[in-house]
């Protein structure tokens, strides 16, 4: 696997990961699943093909809970920190806040999902996409 390595993990460090290569589909989401999974009105995500994720912490892969027909929410079995979602495609969507460097410009959201569920008092900034 060639490319930049983006590392991160949970609050206690039991679940650690390395995501290799470019972050795909950086976005924010305000759906009720994301809100309840994170406890926040909006979640920031980036996606990687499952083959570019290595689970490197002592706990190995995160625990999961099946949240829909196509995806499971991932979290640390020790501290409960939300890590992301593991889709059946197979795609792993990681929460930007779980990365060691959440300020990486590669994580700047390009779009916002479920805008209609976003509380009106939350302003979400996305990157300008030039055509």
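Numbers below:
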{"read-out": "Residue 5 versus residue 50: modelled label distance in nm, points set 7 Å from Cα along the beta carbon direction", "value": "2.3 nm"}
{"read-out": "Ascending count of other beta-carbon atoms within 10 Å, so fewest first, for 123, 4", "value": "123, 4"}
{"read-out": "Antiparallel bridge percentage (DSSP; both residues within the chain; nearest 5)", "value": "90 percent"}
{"read-out": "Additional length obtainable on full extension of the chain from residue 103 to residue 61, 0.36 nm per residue less Cα span", "value": "12.7 nm"}
{"read-out": "Segment 22-47-segment 77-108 distance, computed between alpha-carbon centres (Å)", "value": "9 Å"}
{"read-out": "Least to most buried among 12, 34 (fewest other Cβ within 10 Å first)", "value": "12, 34"}
{"read-out": "Theoretical gain in end-to-end length, residue 24 to residue 89 [0.36 nm per residue, Cα-Cα removed]", "value": "22.0 nm"}
{"read-out": "Contact order relative to length of the chain, as percent, for alpha carbon pairs under 8 angstrom and 6 or more apart", "value": "29 percent"}
{"read-out": "Model label zone, residue 111; criterion: amide N under 11 Å from point 7 Å along Cα-to-beta-carbon; scope segment 15-57", "value": "25-28"}
{"read-out": "Calculated SAXS-style log₁₀ I(q)/I(0) at q = 0.10, 0.13 Å⁻¹ - the chain, Debye, Cα scatterers", "value": "-0.30, -0.51"}
{"read-out": "Exposure proxy ranking, count of Cβ atoms within 10 Å, fewest first, for 61, 52, 66", "value": "66, 61, 52"}
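Read the figures in this text as sums done on the coordinates, not as results from a lab. Note that this is a predicted model, so its numbers are computed, not measured. Cβ sites come from the backbone with ideal geometry, for glycine too, and all protein chains shown count toward neighbours.
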